[in-house]
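Some notes on the structure that comes next.
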Amino acid sequence: MKKLSLLFCVLLVSGCSWFGGDDDAAIEPAELVDFQSEASVVRQWTANVGSGAKNYLISLRPTANRDTVFAADYGGQITALDVGTGNVRWETELDVPVTGGVGYGAGLVMVGTIEGEVFALDADDGSVLWTSQVSSEVLSSPKSNGEIVVVHSIDNKMVALDAKTGEELWQHDGDAPILSVRGTSESVVTNNMVLSGFDSGKLIAFSPDNGSIIWETRLALPTGRTELERMVDIDGEPLLVGDVIYSVSYQGRVGALSRGTGRSLWSQDSSSHHAPAHSAGQIYVTGAEDSVQAFQAGNGQPIWSNDQLFLRRLTGPVKLAGTMAVADAEGYLHLLDPIDGRFVGREKIDGSGISTPMLSVGESLIIQSNNGKISAYKIQ
């Protein structure tokens, strides 16, 4: 199976480039529009967590428990920071290229490497508890419920490891299409279900005990004449809200499904490689061409779409104190009104750009920029 970066795929489909070529055919990212600001953000703290990942086709997202933020860089530096002050609690140097993470669950901090090695660290002091080997490169965050650690590898395999020892317990080999966006979905791991999305456009619910399939369904069906047109990867983590699962695929659909049976409750055409967000009875999606869309969570009815950030390479949406936040490749943070999608705030965060998914912790927004800096912001 051949993995392509999403950026490369978008350029192929559009037949243009942001970086030269035929000037007449080039499509530029949208210019920022002026608006009356209604909200502003203030920086609470900032810290350096390594060299970043600007030159790599990876996105190491931070994660957190109640009082600590955990972050990583490509060189293998794992850092724990106080969520309120940004003070460093511990640092661990793994000295290996980290490409997947950071995951947290039940006192474990977990990352994966380019060679398919999985590290589990103690969340209290950063000591390495165990390592395990999976079949290939890990590009997403391992997840744990305290009993198992679930890891996706780039060859479309998913492995469950013993959370105490790292020993393999069971695995699932997903259907591997010929072409796929470079990336893998993160699982939702609870005490009675492992919910995972795959490159085939399937969502599958597994028993955490033995890997038996509880149900499976297709969020999206491949269409089109070429393999490029038929890509329907689910690369964003499914979103579990009560007994309803929300998920979105690339070149496919956004939909809601029953947690118990996988039955489709509603679906709408959409395309994204980010996880959706939920707030105030609505589902939010960052589209593949960087529109931000809102749907009714109950029935899927489209509410609004903001296309004024076209091709600015947005992160997925994150709720922040009554707004919906996205960031872009130039390092701007954009705040949108969740009711009608208009801009209510904007802040230049870092000139190196932002490609890592943002993290909402309480009333703070944790942002890791491409140069390795991590900061906490709050709406003023």
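Where a number appears in this text, it was derived from the coordinates with a stated rule and is not lab data. Note that this is a predicted model, so its numbers are computed, not measured. So basically every Cβ, Gly included, is an ideal-geometry build from the backbone, and we count neighbours across all protein chains shown.
To the nearest 20 Debye, how big is the dipole of the chain about its Cα centre, given +1 on the beta carbon of each Lys and Arg and -1 on that of each Asp and Glu? The partial results should precede the final answer.
Numbers: 26 positive and 47 negative charges, 129 e Å.
So the magnitude is around 620 debye.
Assuming 0.36 nm per residue, please report the length gained on full extension of the stretch ASP162 to LYS378 beyond their Cα-Cα distance.
On the way: separation 216, 0.36 × 216 = 77.76 nm, distance 3.78 nm.
The span from ASP162 to LYS378 would gain 74.0 nm if fully extended.
List, in order, the whole-Hz ³J(HN,Hα) value for each residue of region 186-203 obtained from phi through the Karplus relation with A = 6.51, B = -1.76, C = 1.60 and θ = phi - 60°; use x for Gly and Pro.
Going residue by residue, I get 8, 8, 9, 10, 10, 5, 10, 7, 10, 10, 9, x, 10, 5, 7, x, 8, 10 Hz, with x marking Gly and Pro.
Note down the nm distance, to one decimal, between modelled labels 7 Å out along Cα→Cβ at ASN191 and at GLU147.
Simple spin-label model gives 0.9 nm for this pair.
Quick one: dipole size for region 59-174, taken about the Cα centre, charges +1 on Lys/Arg Cβ and -1 on Asp/Glu Cβ, in debye to the nearest 20. Intermediate values should be presented prior to the final figure.
On the way: 6 positive and 18 negative charges, 80 e Å.
Roughly 380 debye for region 59-174.
Given charges of +1 on the Cβ of Lys and Arg and -1 on the Cβ of Asp and Glu, with all other atoms neutral, how large is the dipole of region 236-359 about its Cα centre, in debye to the nearest 20? The partial results should precede the final answer.
Details: 9 positive and 12 negative charges, 50 e Å.
For this selection, approximately 240 debye.
Let me make sure I get this right: for region 58-101, a, b and c are the square roots of the gyration tensor eigenvalues over alpha carbons, sorted descending. Under 1.5 in a/c it's rounded, otherwise prolate if a/b > b/c, else oblate. Which is it? Each step should come with its number before you reach the end.
On the way: a/c = 3.02, a/b = 1.66, b/c = 1.82.
Oblate shape, in that a/c is at least 1.5 and b/c is the bigger or equal ratio.
Would you mind calculating the gained length between ARG342 and ALA30 on full extension (0.36 nm times residue separation, minus the Cα-Cα distance), in nm to one decimal? Don't skip to the answer; put the middle values down first.
Values: separation 312, 0.36 × 312 = 112.32 nm, distance 1.56 nm.
Taking ARG342 through ALA30 to full extension adds about 110.8 nm, to one decimal.
Tell me which residues come under 5 Å, amide H to amide H, from TRP45 once H is placed; ignore anything under 5 positions away on its chain.
Result for TRP45 returns ALA376.
Average projected area of the Cα convex hull of the chain, in nm²? Spell out each step's value before the answer.
Values: hull surface 69.3 nm².
Its Cα hull, projected and averaged over all orientations, spans 17.3 nm².
If I model a spin label at GLU216 and PHE310 as a point 7 Å from the Cα along the Cα→Cβ vector, what separation in nanometres do I get?
With each label point 7 Å from Cα toward Cβ, the separation is 4.0 nm.
Whose amide H sits under 5 Å from the amide H of SER141, counting only residues 5 or more places off or on another chain, with H placed in the peptide plane?
Amide H neighbours of SER141, under 5 Å, 5+ apart: GLY101.
Can you give me the distance in nm between label points at SER258 and ASP243, each placed 7 Å from the Cα along the Cα-to-Cβ direction?
In this crude label model, SER258 to ASP243 measures out at 0.9 nm.
Hey, for a label at ASP67 modelled as a point 7 Å past Cα toward Cβ, could you say which residues of region 117-136 have their backbone N under 19 Å away?
Within reach of a label on ASP67: 122-127.
Name the long-range amide H neighbours of TRP130: under 5 Å, sequence gap of 5 or more, or other chain; modelled H, no Pro or chain starts.
When sequence neighbours closer than 5 places are left aside, the close amide H contacts are ALA120.
Taking Cα atoms of region 59-174, Rg/Rh with Kirkwood Rh, to two decimals?
Details: Rg = 13.0 Å, Rh = 13.7 Å.
Ratio of gyration radius to Kirkwood radius: 0.95.
Quick check on packing: order 84-96, 364-376 by the mean number of other C-beta atoms within 10 Å, highest mean leading.
On the way: 84-96: 14.5, 364-376: 22.7.
Going by the mean number of other Cβ atoms within 10 Å, highest first, we get 364-376, 84-96.
Per-residue HN-Hα couplings for region 278-284, Karplus 6.51 cos²θ - 1.76 cosθ + 1.60 at θ = phi - 60°, whole Hz, x for Gly and Pro?
Working through the residues one at a time gives 10, 6, 6, x, 10, 10, 10 Hz.
Tell me, GLU216, GLU186 in order of fewest to most beta-carbon neighbours within 10 Å?
Working: GLU216 14, GLU186 25.
So the ranking, lowest neighbour count to highest, is GLU216, GLU186.
So how do HIS274, HIS152, HIS172 line up by other beta-carbon neighbours within 10 Å, fewest first?
Details: HIS274 24, HIS152 30, HIS172 18.
Ordered from fewest to most neighbouring Cβ atoms within 10 Å, HIS274, HIS152, HIS172 come out as HIS172, HIS274, HIS152.
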